[in-house]
Structure formats: C-alpha cells, structure tokens
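Report on one structure; see the data block that follows.
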Amino acid sequence: MDWSEGTENPPVCWLSGSAGFGKSAIMQTVAERLDVSDKAVLAGSFFFFRGAGARSKFTRVIATLAHHISQSIPETKDSIQHALQNDPTIPQQSIKDQFQKLVVSPLQQLDETKSFVVVMDALDECDDHESICDFITVLAQTYSQGQLPLKFLLASRAEDHLRKIFASEMVHARTNTLELEHFDAQDDITTFLESWFMKIRRENDRIFQGLDGNWPSDVQLTALSEKSEGLFIFAATIVSYITDGKGSPREKLDQVLESHVGLDPLYIQVLLSANRDQYFLGVLAALVLLFKQLSINSLACLLEMGTDEVVARLLEIQSLLRIPANNNDVVQLNHASFRDFLLDKRRSKTHYICPGQYHAIIVIHCLMLMTRLKRWAEDDAGEYACGQWYRHLDSAASNNMPDEYRVEMNNWLEVFLKSHGLEVWIDTVIRNLKVGETAGHLKAFEVKLKVCFYYFSFSNAQDIQDDTTLWPNVAVISQNQTLF
C-alpha cells in the first residue's frame, strides 16, 4: 500500500513467486483495500486464469481495463467513448495504440492529485506470451515519455519469458520487484492455521467432546507450519482436506503430519481416498485438459454423463476444487499446482493424467457430440466441441497417443465425416466467424498428422463479414484418408 500511495516509487510493481505462495490472495486483498482507499484508487483489474477462455487471452485486456477506468474514474468516460465512436477498430489495433487511445489519453486530461492503480494477476496464465511481454514493454515506454497518474501492480510466477522482460533495462528501471520467496510467511501461516483449527473444533464439538488439552498441540502446529515451507496453498489445502466431511479431523491431521513435505503427498492422499473409476478419471482429465472451462451441465453433456454423476465424481476430491452450488457455473481447481502435479508423471506416478490418451478421449467425445447435431451448436458443450476438437486432436498427436485410442479416434472421425454433423460443424464455424482461425489451426498440423486436407468453398462466405482475416473456405480432413 505504501508503494501505491508514494509519488516517488516506480510506476510498476511486480510481485513474483512460485505456485502456492499466495500471490492471488495478496492481489485480491490489495484490490479490495484500494477500492475503499481515499489516497490510492483502484482504477481497474484483470485476473488471468488458464483454461478460462477470454481470461487466458490478452485480446480483451486493454478494452476491459478501459471499461473499468471509465467506471472508477467517471471523468474519463466521455473521452473513452469518444475515442471508440471515432474509431471502432481500436480494440483490434496494436497493444501500443490501444493503450495510448483508451488509457493514456483519457487519463492525461485529468486534473487529479490521487494515485490510481491497476491490478493484474497471474500474467503467467495468459496463453499469449508475446502479447503480455509487449504490454509490459509498452508500459515502460509510456512511463519513459512522461508521468501518468496510474500505476500497475502485476503478479505472476517468474516464468522465463516474464523474467526476461522484467530484466530488460527499460522495464527494470521502472519496476519495483517483490519476490515472495524472500519473505518469511511462517508466522502468518501459523496464525492462519490456529484460527481455522479453532473454528474446526468449535463446529465439531461432538467429535472433540472429552478431549484433554489443545488440538492440535503446539508441537503439531509447529510441525504443520514447518511442512508448509512458506506455501499458503499448503495450509489452505490442509484445511479443506480436514474439513471435507470424509473422516475424523483428528485422524486426517495425523495423516498429513505423517506425510512428507509439500503438497504432492496431500494430493496423493486425497486421490487415494477417491473412487477412481473410469468416469472419475474422465472428469478429472477434462478439468485439467479442456481449453475452456465448462459448467457442470455442459461438462456432463460433453462427457455423456448425468449431471449427478459428474457432481458425485467432483465431490470425491472436493478439498482440491471449488465446486459451485449451481450446475450452470464452472468448476475451478483450488490451485494450478494440482494441474501441474497431475501432468507430471514423476510426481503423480499412478495418478498421472496421460495427455495423449485423454486428449484423444476428449476428441472422441467431441466427434460423437457433433455427429448427433442436427443444426449448428446452440449450447456451450456443442460450441466447445465444434470450436476445440481439432486442438485436442493436435495435442493428442503431440503427446504419444496410445495405439488403441488412435484406432478408435480414426473410427469416430470417419463416422463424423460421413454424417450430417460435418455440415453442422462447418455452419457453426461460419456462424461464429472463425473460418480463418479454424483453417489456420488445421493447416498448422497437417504435416504432423500426415493427413490430406482439402477446402470446402462456401457460397455464402461473403455474407460473413467484410474482414480480410477471414477466408471463404475451411480446412477439413479428407474422407479418404486416415489420421496416421
């Protein structure tokens, strides 16, 4: 907060730290405090989230920030609206031009003494690495040309592309870097655990009736804090595990204390206690591998399961997930480290989610769904299948797909290409104005898949839009070719 209010501080602050250090919790807390502060005002925010569609892309970031700024600083609203009315193509222009026209120019017209702050979290979860680095460079260039009543608080893991851009001379000179790895969070974690254990004991008085002494003991609490190794996600996951209602809190705490350091043993304990049937593994793989989060209802439709069956599988590992109360909302992993764990065979061992196998299974589900469509996709599951099946196909081919899944996928592809679903898919691609994007994806892995492509020409392609990035054709796999 001192950085946000100080006039002599660098205009950019980068909060870096490994998975589990509590970056997002800090950013959320700072945003909430700025929102009610008199000295520094929250101008806008953007929280990236991997696999969440637009939230994992950079495309809408500046337009979103401009909208937030127009709401939090009403004096800028007319200027932003005027810029967009004069030039509606601004959201499609370069990052530099968007930022100048929608953020810098409106703010430069203010006569303010306040300090405004934009909060942006999880830059590492943005799929557009080049765009996020370009944006950071644009920030540094903007501040090198003069003062702006706006600061940027950024947070991410110190991944290579981000570490390099923040280390560049121009960006480094205008950035205050805070590395969470150098902060001792042991006392804070102990306080967090004490508070939660007090709540657990109070809400489970029948279980703890007649217990002599404190629970947990000072020795247990110290051991637990040491196991956390400064990771708040470890402490939070322990609390979720102990309070998931699937056993005695005392016994579950003992299990945690007997395990090794870090989150992996805890992940393994939760997974071992789950009923790991094929449906559970399918749901778990979908949560990890889908390119866009789906609601529980849509996930059930895509996987050809009942909604109750999906929920039942999710509840098996509820301590590791955020399960919504409404089936129309999406399920989220508590932390990205769980995805990392499941996709790393050395760490997860028998719990490993093999990308080649499960991407192939998702392709098959997508093809089956599209084969049943009678007209263009009108729900999220159908939209997802039409828009993402070929990306899963590419990922399956890139990750050593097992032979049995290759054969089944080829069979379903042949069924799809001979069905009315092929026409429906093409119609959906056109309807969503993604002809060029789809054709580009398919052509990009033509050599990799060793398939023959040909193009369907659409007589109504000119009706799509007068957009030079769209082409009146779309690549599809030839019906007389196999995939491999």
Inset, instruction - Tell me, yes or no, whether region 343-354 has at least one residue that is more than 30 Å from Arg431 (Cβ to Cβ), in a strand (DSSP E or B) and not hydrophobic (A, V, I, L, M, F, W, C). - result: no
Legend entry - Inter-residue pairs, beta-carbon under 6 Å, first among the polar types (S, T, N, Q) and in region 269-289, second crowded, with 18+ Cβ neighbours inside 10 Å, 6+ apart: Asn275/Glu316
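State yes or no: is Phe208 closer than 24 Å to Lys246 by Cα and either touching a Ser or Thr at 6+ places or on another chain (Cβ under 9 Å) or not in a strand (DSSP E or B) (or both)?
Yes: the conditions hold for Phe208.
The rows are residues; the columns are (1) more than 22 Å from the chain's Cα centre (by Cα); (2) within 14 Å of Leu153 (Cα to Cα).
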| site | (1), (2) |
| --- | --- |
| Ile26 | no, yes |
| Ala63 | no, no |
| Ile69 | yes, no |
| Ile73 | yes, no |
| Thr89 | yes, no |
| Gln100 | yes, no |
| Gln109 | yes, no |
| Phe116 | yes, yes |
Legend entry - Residues of region 420-448 satisfying the condition of being of a type in the set (A, V, I, L, M), at pLDDT below 70 and in a helix (DSSP H, G or I): Ala444, Val447
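So how many residues does region 345-368 have that are closer than 13 Å to Leu289 by Cα and free of Cβ contacts under 8 Å to residues at least 24 places away in the same chain?
From region 345-368, those closer than 13 Å to Leu289 by Cα are 352-363; that's our starting set.
Now narrow it down to the ones that are free of Cβ contacts under 8 Å to residues at least 24 places away in the same chain: 352.
Number of matching residues: 1.
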Inset, instruction - Could you check, for region 3-12, whether at least one of its residues is crowded, with 16+ Cβ neighbours inside 10 Å and assigned to a loop (DSSP other than H, G, I, E, B)? - result: yes
Legend entry - Among (1) without any contact (Cβ under 8 Å) to a residue 60 or more places away in the chain; (2) in contact with a Lys or Arg (Cβ under 7 Å, 6 or more places away or on another chain), the one test that Arg202 misses: (2)
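Helices (runs of 4 or more DSSP H) wholly in region 227-340 with at least 3 residues that are within 26 Å of Met198 (Cβ to Cβ) and among the hydroxyl-bearing types (Ser, Thr, Tyr) - which ones? Before you say what the answer is, go through the steps one by one.
Working: elements: 232-242, 249-258, 263-272, 278-289, 296-303, 307-315.
Where helices (runs of 4 or more DSSP H) fall fully within region 227-340 and carry at least 3 residues being within 26 Å of Met198 (Cβ to Cβ) and among the hydroxyl-bearing types (Ser, Thr, Tyr), they are 232-242.
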Legend entry - Test: Arg202 is surrounded by fewer than 20 Cβ atoms within 10 Å (Cβ to Cβ), out of contact with any Cys (no Cβ under 8 Å at 6 or more places or on another chain), of a type outside the set (A, V, I, L, M, F, W, C) and assigned by TED's automatic domain parsing to the domain that holds Asp264: yes
Legend entry - Residue list for region 47-78, restricted to those being at negative phi, out of contact with any Cys (no Cβ under 7 Å at 6 or more places or on another chain) and surrounded by 21 or more Cβ atoms within 10 Å (Cβ to Cβ): Val61, Ile62, Leu65, Ala66, Ile69, Ile73, Thr76
Legend entry - Residue list for region 376-419, restricted to those being surrounded by fewer than 19 Cβ atoms within 10 Å (Cβ to Cβ), outside any helix (DSSP H, G or I) and either in contact with a strand residue (DSSP E or B) (Cβ under 7 Å, 6 or more places away or on another chain) or in contact (Cβ under 8 Å) with a residue 24 or more places away in the chain (or both): Trp376, Asp379, Asn399, Asn400, Pro402, Lys418, Ser419
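Looking at Asn214, is it assigned to a strand (DSSP E or B) and of a type outside the set (Gly, Ala, Ser)? Steps first, please.
Numbers: assigned to a strand (DSSP E or B): no; of a type outside the set (Gly, Ala, Ser): yes.
It is false that Asn214 is assigned to a strand (DSSP E or B) and of a type outside the set (Gly, Ala, Ser).
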Legend entry - Selection status of Thr59, over 15 Å from Asp121 (Cα atoms) and more than 26 Å from the chain's Cα centre (by Cα): no
Inset, instruction - Name, by its number, the condition in (1) more than 16 Å from Tyr352 (Cα to Cα); (2) at pLDDT 80 or above that does not hold for Leu211. - result: (2)
Legend entry - Tally, over region 324-344, of residues that are exposed (fewer than 15 other Cβ atoms within 10 Å of the Cβ) and either of a type in the set (A, V, I, L, M, F, W, C) or in contact with a Ser or Thr (Cβ under 7 Å, 6 or more places away or on another chain) (or both): 3
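The values are calculated or read from the model by the stated rules, or taken from the named source; none is laboratory data. Just so it is clear, the structure is predicted and the values come from calculations on it, not from any experiment. Every residue, glycine among them, receives a Cβ derived from its backbone with ideal geometry; neighbour counts consider all protein chains shown.
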